[in-house]
Every structure is written in C-alpha cells, then in structure tokens.
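Comments concern the structure below.
The values are calculated or read from the model by the stated rules, or taken from the named source; none is laboratory data. All values derive from a computational prediction rather than experimental measurement. So basically every Cβ, Gly included, is an ideal-geometry build from the backbone, and we count neighbours across all protein chains shown. Ligands, DNA and RNA are stripped out before the accessible areas are found, and what is left, the full protein with its side chains, is counted by its heavy atoms. Shrake-Rupley method; radii C 1.70, N 1.55, O 1.52, S 1.80 Å.
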Amino acid sequence: MEIVNELKKDSLKRILAQGKRADGRQMLDYRKATLQQNAIPNAEGSALCHLGNTQVLAGIKFDVATPFADRPTEGVLSTNAELVPLASSTFEPGPPSPASIELARVVDRGIRSSNCIDLKSFALEEGKVLALYIDLYVLDYDGNLFDAASLAAMSALLCTRMPKIEEGKLIRKESTGKLPLSTKTVTCTFAKVDSTKLLDPSLDEEQGMDGRITIATTPQHVCAVQKGGWGAFTQKDILELVDISFDKAKGLRSILQ
Amino acid sequence: MEKPQLIIDGKRADGRALDELRPIKITAHVLNGADGSALVEWGNNKVLAGVYGPRECIPRHDASPYRAVVRCRYTMAPFCSLEEHGRSGPNRRSHELSKVIREAFENVVISEAYPRTQIDVYMEVLQSDGGTRCAAITAAAVALADAGIPMKDLVCAVAVGKIDGLVAVDFSKDEDNYGESDMPIAIAPRNGDVLLFQMDGNLTREELSAAMEMAYKASAKISELQAAALKAVYDGPKKEAHLVLGDKFNSQ
C-alpha cells in the first residue's frame, strides 16, 4: 500500500502545480455540505452530515451522572468518536485508535471552549448532574472528518430536546424544550501540500498532504486549534488561515439552524 | 414497569394484525467506501450494513486454502435506544448474535470461489425498536449482493412468537419485552432452509409450528423488498451512494 500512497502524492502535487484540484474545486472551496437533522428520533438529538462523500452521524444522549470532583456543580460533557469499520477498508474493529480519540477531543474542545452549552445549568441536586453525550459515528470516509464531525455534532445539538426531570430521574418521552445554545462553533480544516493550502481536504488530498490544521471559531473568537501531520506551518500561514476560517465559517453557520 | 396490554380487540397496540409486518424500507448502496452496503428501516429500527471483500485475510494464519473466511460484526450505537446512553463496542449479546449471523451467511456465500481471503460483514444498529438482528441480517444480505459476492440465495429474517397468548409476527420492543416467547428465524427463501433459529420463552408444539408458518409467509414479502432494493440500484443509470435519514435538510 506504501507505493500507492507515494503515487497518489506525486499525482496530487502534479495537479496542484497546475493550480487545480482533482475534483475541480478552487483551493479554498468547500465540498457540498448537507445536514439532515433528527436522523435518529430515539436519541435526544441527532444529525447526519454529508461532506462530499464523507458521511458522519452524530447522536446526543442525556443521562444522570455524578459530577467531576473539581467541578461539583457543573454538568458532564462527553464526546466520543467511532471510526466504524464499515466506513473504510482501513478502519478496524477494536479499541479506539489514536485517530478516533484525536477526532473526538478536537470536536469536544471546539464545543466546550465556545461555552455554547451552559454546563452550570445541568446541576440537578447535591452530587447529581446531567451528562450530555455526543457520539460521532463515522459511516463513510472520504477525508476531513474534523469538519464533518463538528458540523454533525453542532447540528445535532441544535435539534436536541431537553428531557423532563422528575425527582432526579429522566422522563425521556417528555421534553421541556430545546437545549439552549448561546453560539455556534464551526471548524475549518486545511491541508498543506508544499506551500499550497487547501480547504476541506478529500481523502486523496489527506493521503498526500504534509500537514493539516483545524481552526474552530465562533463569530468572535478562535476557540480550538489542532495542527496535525509532520509538515510545518509558518506564523504567517496560521494568521492567514485564521482569517479565512472566520470568513468561511459564515457560510457554514448559515446551514446550522 | 407494568406490563402494557399487547392485544386490544384482536389487534396489536400499534394497530397491526397478528400476521402483519411493520413498514419496511430497504435501500441498497448507501455508502461510497464499502464494497457493498444497505440501510434497512424496519418500523422504528434503522440498521446499516457494510461489506468488504473478498480481501487479503489478516492475520494470515486465519486464512483457509479452501474458502474465504466470513466475518460478521453486529453492534449497537450508544444512542440507538429510547433508554440510557449505551456503551460503545460489542458486548456478550452482540458477540453471540455476530456468531450466529456469521454461521447463517456461511451457508449461502459461495466462499470456495475465494480461497485465502476474508469477507467482512459489518452491521450497525443506528436505532433500535425490537427485531434488530432480523433487520441486520436482511440488510447484510443486500449489502453482500451489492458487493457482488456470489451467494446461493438472498437470506432474510423475521421474528415470530407469542404475545398475550397469541402467535404473532415481527415484535416491537414492548412486544419483545412483555411477550411470552420470541423466535427469530433467518430463511433462505429459494429452498426454505432455516439458517438461523433462536427462541426463548414458552411455546407448545402447535404454537411453534404455527409461528414458523407465519415466519415463512412474512419472509416471502421481505424477500421481494430485498430484490426490489437491488433492482432500484442496478436497473438504470448509476446512482450516488448516500444515506437519507432525518426530517430537516440544510445544505450549502
């Protein structure tokens, strides 16, 4: 397989040298993004994101839990990503891979740092809080899982119903309204190949890239960043990509309703 | 929880007759990455199946010089039920189901054609409401066919059993939980062979026989839907592979 990756890298560089991308996009174009809300009605919230041929499903569940000792009056937010083996011939069943842990943690940081969810409002009684679980199910892998998973998670949160709570127990069949969200986090992921920067890399582009950077923003702030791969970014690169992220996030935020 | 009344005026709680299936929708070829795939929406169940192979068998000492190794994995998503958040990954129940499902497919897959390879069948329960293993088998059969893997037959499955003293087909979660007996059956429709057979609860010999009759009748209908799903993909122009779920769509 090593040889296939090397050949793909060569062809990626050849195409980029002509100022083009294999699928006809400009360097800073997103693929078509579609969000389908309430994909799993049994969950308290859910959304399926298509980003080109990448498909990620996010499900939201609430439970009653014990708070963390250092934050006794705050609810628990827990994000998990599953690289489901049917999504790619390279995903294998078994314990979470470093890639799936990184994916979950980057999506988590973007949502957590933006404070879009008021975890303080999840306190129930002494020693009991609400736990909100975000499960990210990667079902079809054609690159840029970070953005697809973030979009799916944010879209699922936007249609999440708060369960009714009685005597410290959840009545899931009854809802007290939507989960309040104060802002919307949007992430933009760029691949760097030599000195070229590409927004929303496809799988072929990810396999040939030197480095990758994911920038999560709210309309006002940068709220999470993750650089990946061995390739380096310059200080100028990073500031330029932050500007582009703020700009591109506007279009993505418009489909988050 | 108190046992709900399962049969009201000769009909079931959701208005079905005793021998009536829930609405079933089968869509083949819904994933790009997998060699074959299918989504089965069966009542409130949503089960996705994806198939890879025949491909190199890893680890190599598992390979057979005579046939392809068939591997099956049935798992439930942590958000699939109306109850609490589930644990991800397989548990004792899903390991057992994966095993009996694999044994069912070993009967029909013409594995002798692909020695030293493996065929992986992945079944993900995205939403559950009773009868997920039958929906998973039904989806997996369509996904195997979509992957172009030669089989003697297109397997389908349905559960039968007894609720409030009456033999019935295709149980919802409540009927499964509060009924007297549950009997999932997978059938090869062309020769009628039974490829998976499980049962719990109590049935007389007569009831068991009547339930089996009901399963065969229902399987003919499921079989038609499977064939129609494959025809919808392979008759006519090539279609894009993507999932359709949910009730609100936004795109840019």
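Computed over all pairs of different Cα atoms, the Kirkwood value for the hydrodynamic radius of the range B:39-88 is 14.0 Å.
If you run the Gaussian network model on chain B, springs between alpha carbon atoms under 10 Å, then out of B:Phe105, B:Phe79, B:Phe171 the most flexible one is B:Phe79.
In whole percent, how big is the carbon plus sulfur part of the accessible area of the range A:11-254, probe 1.4 Å, protein atoms only? Of the solvent-accessible surface of the range A:11-254, carbon and sulfur hold 52 percent. What's the center-to-center distance, using Cα atoms, between the range A:187-242 and the range B:164-216 in Å? Distance between centres, Cα-based: 55 Å. Helices in chain A that qualify as membrane-span-like (whole DSSP H runs, Cα extent of at least 24 Å along the helix axis, mean Kyte-Doolittle hydropathy of -1.0 or higher) are A:235-254. With 20 Å² as the minimum drop in accessible area between chain alone and full protein complex (1.4 Å probe), the qualifying residues in the range B:115-132 are B:Tyr122, B:Glu124, B:Leu126, B:Gln127. Per residue, the solvent-accessible area of the protein assembly as shown (1.4 Å probe, heavy atoms of protein chains only, all protein chains present) comes to 45 Å².
Rounded to whole numbers, the Karplus 3J(HN,Hα) couplings from phi for the range B:45-55 are 6, 9, 10, 10, 10, x, 10, 10, x, x, 9 Hz, using 6.51 cos²θ - 1.76 cosθ + 1.60 with θ = phi - 60°, and x at Gly and Pro. Computed over every Cα-Cα pair of the protein assembly as shown and binned at 10 Å starting from 0, the pair-distance distribution P(r) comes out as 4, 18, 26, 25, 17, 8, 2, 0 percent.
Along chain B, the longest continuous region that contains none of the trypsin sites (Lys or Arg not before Pro) in a DSSP loop with at most 16 other C-beta atoms within 10 Å is B:1-86. The range B:102-144 and the range B:1-60 have Cα centres spaced 12 Å apart. Direction-averaged projected area, Cα convex hull, chain B: 16.0 nm², rounded to one decimal. Along its first, second and third principal axes, ordered by size, the range B:1-80 spans 58, 28, 27 Å in Cα coordinates.
Taking 25 °C and 0.890 mPa s as the conditions, I'd like the Stokes-Einstein D for the range A:133-257 in µm²/s, using the Kirkwood hydrodynamic radius from alpha carbon pairs. Walk me through the numbers before you get to the answer.
On the way: Rh = 16.2 Å.
In µm²/s, the coefficient is 151.
With R₀ set to 56 Å, the beta-carbon distance separating B:Glu103 from A:Gln26 gives a calculated FRET efficiency near 0.60.
Scanning chain B for long hydrophobic helices, with DSSP H runs required to stretch 24 angstrom or more by C-alpha along their axis and to average at least -0.5 on the Kyte-Doolittle scale, returns B:205-234. Three principal axis extents describe the C-alpha atoms of the range A:34-117; from largest down they are 43, 29, 24 Å.
Divide the volume of the convex hull around the Cα atoms of the range A:72-113 by the residue count and you get 89 Å³ per residue. Helix content alone sets the calculated 222 nm mean residue ellipticity of chain A: runs of n ≥ 4 DSSP H residues at -39500 (n - 2.57) each, divided across all residues, give -9000 deg cm²/dmol.
For the range A:11-254, the calculated P(r) over all alpha carbon pairs, in 10 Å bins from 0 to the bin holding the longest distance, is 8, 31, 34, 19, 7, 2, 0 percent. Take the accessible area of A alone and of B alone, subtract that of the pair with a 1.4 Å probe, and the total buried over both chains is about 3600 Å². Each helix, a run of at least 4 DSSP H residues, gives -39500 (n - 2.57); summed and divided by the residues of chain B, these come to -9000 deg cm²/dmol at 222 nm.
Measuring nothing but protein heavy atoms, the accessible surface of the range B:24-91 at 1.4 Å probe radius is 47 percent carbon and sulfur.
Going from the isolated chain to the complete set of protein chains, the range B:232-252 loses at least 50 Å² of heavy-atom accessible area (1.4 Å probe) at B:Leu243, B:Leu245, B:Lys248, B:Asn250, B:Ser251, B:Gln252.
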